[in-house]
Amino acid sequence: MKGRGFSLAQDTKLKPGAIKGEVMSYTKARNYAFCEVYVGFGKIAPSTDLECYNSTGTTGPDSGCPAETFASLDPKKVAAPLGASMVFLNPNKPTARKWWVVDELYVYAAGQTYDFSGIKATWVAKMSVADLEAAGKAAQTPYQPLTNNQFSKWVFKKGNPAFVPRAPEGKVYVMQAYTNIEDPSLTYEQLPQLGSKLKKLPPGWKYEVKTLDKDLVFDVRKATPAGLKHLTLDEFGNVYLGCGFDAACNYTP
């Protein structure tokens, strides 16, 4: 991957991994800005695990990722005091960020919260270099099926809109997070009209806006196997949770 991403440095103040009983939760997540820091140690190869830290709920009621602070981060300067071989920032564009579209989120295997040069973020998962690179390429080949593993629950509240690319075979994806990395002008208020901009939807797919008549819950602990999360990305890098693959989703919107 290129961009404001990989950086070399050399122990570490980080203590990655889940802390028993630690849960990361946020119950006012809709349109809340966040970002992520991925940290790798030792020899970097496709199979190397990266430690994923997420900024949700760490700074203020409106953002866990202050825009000016995030834009100023230098991966080399972040990596050096950690003894890290690699640091990757997500989004990897300094002026971009991501925002949740879910209303509530719960990560049931969370860990340490660390201050990365002004961005506080909590350990939430591991991801291999190969998987991170695949996710980075997904916007160039959008709507491909992706998976990762995380013991988590995501709640979309009754009465709120859900932004839904619907595949012809009955699978449904629900927007989990949007980003301005490809379209700097994109805002939450524009999401109902996003369908008119999606020029790469596969044949038979439709982008719909659904007002939920009850809470829509993705409990990935009920997935098969437990913890497996189905995802896809559109051409703008917006992320969607897959519904209808297993028992993780309580109903199809």
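The values are calculated or read from the model by the stated rules, or taken from the named source; none is laboratory data. Here the structure is a predicted model, which means the values were calculated and not measured. Backbone-built Cβ (ideal geometry, glycine too); neighbour counts: all protein chains shown.
A few notes on this one:
- Of all residues in the stretch 230-241, one or more are touching a His at 6+ places or on another chain (Cβ under 8 Å) and surrounded by 15 or more Cβ atoms within 10 Å (Cβ to Cβ).
- Qualifying residue in the stretch 200-219 (condition: touching a strand residue (DSSP E or B) at 6+ places or on another chain (Cβ under 7 Å), basic (Lys, Arg) and not assigned by TED's automatic domain parsing to the domain that holds Thr95): yes
- Scanning the stretch 146-180 for residues that are in a loop (DSSP other than H, G, I, E, B) and either within 27 Å of Val39 (Cβ to Cβ) or among the polar types (S, T, N, Q) (or both) returns Gln150, Phe151, Asn160, Asn180.
- Pairing residues of the stretch 210-227 that are of a type in the set (Phe, Trp, Tyr) with residues that are surrounded by 16 or more Cβ atoms within 10 Å (Cβ to Cβ) and not in a strand (DSSP E or B), at Cβ distances under 8 Å and at least 6 apart in sequence or on separate chains, gives Phe218/Ala248.
- Strands (runs of 3 or more DSSP E) (entirely within the stretch 8-74) containing at least 1 residues that are in contact with a His (Cβ under 9 Å, 6 or more places away or on another chain), on the phi > 0 side of the Ramachandran plot and at pLDDT 90 or above: none
- The listed residues are Asp131, Asp183, Asp213, and the only one of them that is part of a loop (DSSP other than H, G, I, E, B), surrounded by 17 or more Cβ atoms within 10 Å (Cβ to Cβ) and either more than 18 Å from the chain's Cα centre (by Cα) or not aromatic (Phe, Trp, Tyr) (or both) turns out to be Asp183.
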